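Just below is one structure, and these are the notes that go with it.
Only the coordinates and a few stated rules stand behind these numbers; no lab work does. Everything quoted here is computed from the prediction, not taken from an experiment. As a convention, Cβ positions derive from the backbone with ideal geometry for all residues, glycine included, and neighbour counts pool all protein chains shown.
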Amino acid sequence: MTATLVEIRDAIRSRRTGAREWVEQAIAAIERLEPQLRALVSYDADRARKLAREVDERIARSQEVGPLAGAPLLVKDNICTRFGPTTCASKILENFQAPYDAHVVERLEAAGAIILGKTNLDEFAMGGSTENSAMGPTRNPWALDRVPGGSSGGSAAAVAAGMVPAALGSDTGGSIRQPASFCGITGLKPTYGRVSRYGLVAYGSSLDQIGPFARNVRDAALLLEIIAGHDSRDSTSVNSPVPRYTAALDTPLDGVRIGYAEEYFGEGLDPEVRQAVEAALDVYRSAGATVVPIHLPHTKYCIACYYLVATAEASSNLARYDGVHYGHRTAAPEDYIDVYCASRQEGFGPEVRRRIMLGTYALSSGYYDAYYLKALKVRTLIKQDFEQAFGQVDVIACPTAPTPPWVIGEKINDPLAMYLMDVYTVSANLAGIPGISIPCGFSGAGLPIGLQLLGPHFAEERLLRIAHEYQRHTDWHTRAPQIAAG
Ligand code: GLN
């Protein structure tokens, strides 16, 4: 299906096409494409059909329905749902059944959306390619031998391939923006605290945010409007009003200042990506924006800083998987210590184990000051870089990822090469600021390229408006991979 969320919503509300028909279309697309893409961990067609029938009945009786009534969606499998398993693509949570719905799931369902199932990810969201999934990798709908990005690769691939119009992911260091870029769709990481993390399985708690994937900025704005807002069950959820993001989209760009940081255009940037991003800046110039050079001098420390903070937090968060409370427990432990050791050894994949070890090391006495504490100080410097920059400009434009999607297997044995691919995305999480990725072209081989826009805290309205302006002038976001056409 190529329809957008807004189109589906309008068709259902005006009784042109019933919820049931959209859900059937989504199920048909999933059944046709899933054997090739492997974007899903689980899905429940019967439940979706039943919910769609309920929406159609309400509409037939002219009863009130929510703003997303009947829209088929998917959510990443680290977001808890009462229905179906929540596995985090980990063996350790293979049969885990969440006892409650995440805040965002409650919000979506209260808005009438129909969550068809759960999407694949790098185990516990640790990775940038969806290859670290215990369920096996998801494939990029634009080139089946390539990665869809990650860690929310399943959500991105599902939207790009036309299984659903939109989906949710989570972003700790780029996991929404980078797969959106790799799959040629729009993906937004909100400001830290804008969307409740209640029911999101924790990876790096000071970095994690949930956000939307969609075919265009308008749909992303609509989803954000629904999932954002205060929730007392997440102590970091901010109690400030949620703007009508969709209403702000159509104001003109005149006078907007876009920051260009040379630190984001240096070594390691693929020439085709550079060209596409620079061409996007020209589009903005002709739409009335000015491009202003800025500096983010601590960018060179962002990968080191992120991989200390994220792994430290991960090592603490993942201590709860002990073979006792949740999930996998070893079959024949030698003693009670072995219950913990063997269950964790068997349940976690190699990348998760690597990160637990790195994080535990960085937090251990004797190393804490040299690594973790130092990283926290550098984090402050990175945050200050952005504060200074946003004194001069409204948003910052840069590539989302340094290269187009790579071939499955190409980098999996080189964790450092993989970590370096996060160079443009992790700073936003360290600083807590919002970022969006929108399609801005294709490589010569036909692989999608993403433009990233970063804004100050709680400037989602501005970010969405500026991103939408680009989509008014270009049609990259309307392109779909061949596989979507059937
Ligand atoms: N690729 C980054 C990592 O591996 C980001 C992951 C994420 O945002 N969940 O940690």
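Counting other Cβ atoms within 10 Å as a rough exposure proxy, the listed residues Thr119, Thr86, Thr172 run Thr86, Thr172, Thr119 from fewest neighbours to most.
For the chain, what is the calculated [θ] at 222 nm in deg cm²/dmol (nearest 500), taking -39500 (n - 2.57) for each run of four or more DSSP H residues and dividing by its residue count? Walk me through the numbers before you get to the answer.
Numbers: 16 runs with 185 residues, N = 486.
My calculation for the chain gives -11500 deg cm²/dmol from helical runs alone.
The value of relative contact order for the stretch 273-431, using C-alpha pairs under 8 Å at least six residues apart, is 33 percent.
If R0 is 25 Å, what FRET efficiency do you get for Val242 and Glu64 from their C-beta distance, rounded to 0.05?
On the way: r = 20 Å, r/R0 = 0.81.
Once the sixth-power term is evaluated, E becomes 0.75.
Taken over the chain, the percentage of Cα pairs per 10 Å bin, counting from 0 up to the bin with the maximum distance, is 4, 22, 33, 27, 12, 3, 0. Over the chain, Cα pairs under 8 Å with separation of 6+ residues give a relative contact order of 18 percent.
Relative contact order for the stretch 1-129 using alpha-carbon pairs under 8 Å, separation at least 6, rounded to a whole percent? Before the final figure, lay out each step's value.
Values: 204 pairs, mean separation 36.9, N = 129.
This gives 29 percent for the stretch 1-129.
Listing Asp234, Asp414 from fewest to most neighbouring C-beta atoms within 10 Å gives Asp414, Asp234. For the pair Tyr336 and Thr290, a Förster radius of 60 Å applied to the C-beta separation gives a FRET efficiency near 0.40, rounded to the nearest 0.05.
Taken as Cα centroids, the stretch 432-486 and the stretch 61-102 sit 26 Å apart, rounded to the nearest whole angstrom.
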